Structures are given as structure tokens and as C-alpha cells.
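Q: Let me give you the structure first, and then I'll get to my questions.
Nothing in this text is a laboratory measurement; each read-out follows from the coordinates by a stated rule. Everything numeric in this text was worked out from a predicted model, so none of it was measured. Neighbour counts run over all protein chains shown; Cβ positions are idealised from the backbone, glycine included.
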Amino acid sequence: MSENFFLQAIVESYPDGILIVNNHGLVVAVNQSARQICKHLDSDGLPESQVPPSIWRICRSLFENRDEFGDLPIIIEDRIDLLPVGYVRVRAQWFIPDATNPCIIVTLEDTLQNARSLVNAEKRKYGLTEREMEVQLLRQVQCTYESIAQQLHITVNTVKKHVKSINMKRSASLYSSDHTV
């Protein structure tokens, strides 16, 4: 078995996107989640072996400052906005800092996908309607009431009514679970 096989198996086991990148901007290992995020970020149709520019910019700063920070456990965090909503949280840190071919491990968290999972669970738990689910999803990714209204083609007052309904369902569920024998 090759070393790359084991590395790929480990990377695939993570729920967040994982990329391992070398100092030439090439992907050494990647999991399915990271592949999907990179496709979403890459509008130029780069080969899968190349890191999208928005992620490479973050990695490059670690490589460029390698001598200055030496073996310190530096982590660079950034955020890449997704359109129309959500963002990808990016964390880059040394994976193999002292090798002749240094590598960086990059963690990619798609906040919109995470919010979808959370809202789906809330839908089942609290009995949210489809529209309440849409409103809650946009709230989870920090959209303003105005932004939610605009994206869903409803008024701000309607957004407020949905939020009030969501909060009432959540409170009722908490109240009933506290008083269940």
C-alpha cells in the first residue's frame, strides 16, 4: 500500500473539506467535501490538481513567511464569501513544515451546508414550514431581515412574523420537554 492511499483514506474521513497543498499550489490529497467546495469557488475551470486562487492566496502567505515563523504552529484563518449567501471558513496550517517539499493542510467549512443540516434537524424537531425553514437558513448564515426579505421576495414584516413563529415553536418544544414526565 502506498503512503498516498493512507493519506487519502484519512482525509476522506473528515466531514469538513480537507485539502493538503504543496508549495507549488498543487493538491496532494483532497476529500469529496473539499472537491465540491473548490468547484464552487473556481469559476475558471482549473484542473482538480490545482488549488483555486482564493485558497492559494491564503496558503501562499504561509509559504512566503515560512522562514520568519519557523516551527511555530501558525494557523491562518480567512473567509471566502459565497454568492448569494453563506461563506467558506478557511483554516490553513503546516502539515509537513520541515520537509524538503513542505505541505499545508487546509480545512474548508461550508457554513451554508452546515446551516442546511441544522435547519433540516430543526424542521423535524419543531415542525417548521418550508418558508420558515428558508427564513431560518438565511438567519443561520447571518443574513439581515432586509436581505432575507429581498432574497425570498417577501416584506421585512413577513420575515419578522416567520421569525416570531419559529421562536414560538422552539419555545413550545422546550417548554413541553421540560414538563414531560
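Q: For Arg124, Arg139, what ranking results if the residue with the fewest other Cβ atoms within 10 Å of its Cβ goes first?
A: Arg124, Arg139
Q: Can you say what percent of the DSSP beta bridges in the chain, counting only those with both residues inside, are antiparallel? Round to 5.
A: Beta bridges within the chain, antiparallel portion: roughly 100 percent.
Q: Note down the relative contact order for segment 127-178 as a percent, whole number, built from C-alpha pairs under 8 angstrom at least six residues apart.
A: 40
Q: Just to be sure I understand: if I project the alpha-carbon convex hull of segment 127-178 onto a plane and average over all orientations, what area do I get in nm²?
A: 3.5
Q: Ranked by Cβ crowding within 10 angstrom, fewest neighbours first, how are Asp110, Asp71 ordered?
A: Asp71, Asp110
Q: Related question: Calculate the FRET efficiency for Asn157 and Glu130 from the Cβ-Cβ distance with a Förster distance of 22 Å, rounded to the nearest 0.05.
A: Step by step, r from the Cβ atoms, then E = 0.70.
Q: Helix-derived [θ] at 222 nm for the chain: sum -39500 (n - 2.57) over DSSP H runs of at least 4, divide by residue count, nearest 500?
A: So the helix-based figure for the chain works out to -16000 deg cm²/dmol.
Q: Determine the gain in length on full extension of the stretch Leu72-Asn167; use 0.36 nm per residue of separation and subtract their C-alpha separation, reporting nm with one decimal.
A: Fully extending the segment from Leu72 to Asn167 adds 29.7 nm.
Q: For Rg and Dmax of the Cα atoms in Å, the listed values are (1) 23.2, 81; (2) 20.8, 64; (3) 25.9, 86; which was obtained by calculation from the structure presented?
A: It is the value labelled (2).
Q: Right, something else. Under the rule a/c < 1.5 gives rounded, and otherwise a/b versus b/c splits prolate from oblate, where does segment 77-142 land using the Cα gyration tensor?
A: prolate
Q: Using Cβ contacts closer than 10 Å as the measure, can you line up Tyr14, Tyr145 from fewest to most?
A: Tyr14, Tyr145
Q: Quick one: compute the contact order of the chain, relative version, from alpha carbon pairs under 8 angstrom and 6+ residues apart, as a percent.
A: Averaging sequence separation for qualifying contacts and normalising by length gives 16 percent for the chain.
Q: Length gain on complete extension for the stretch Leu174 to Leu46, per 0.36 nm per residue less the alpha carbon to alpha carbon distance?
A: The span from Leu174 to Leu46 would gain 41.2 nm if fully extended.
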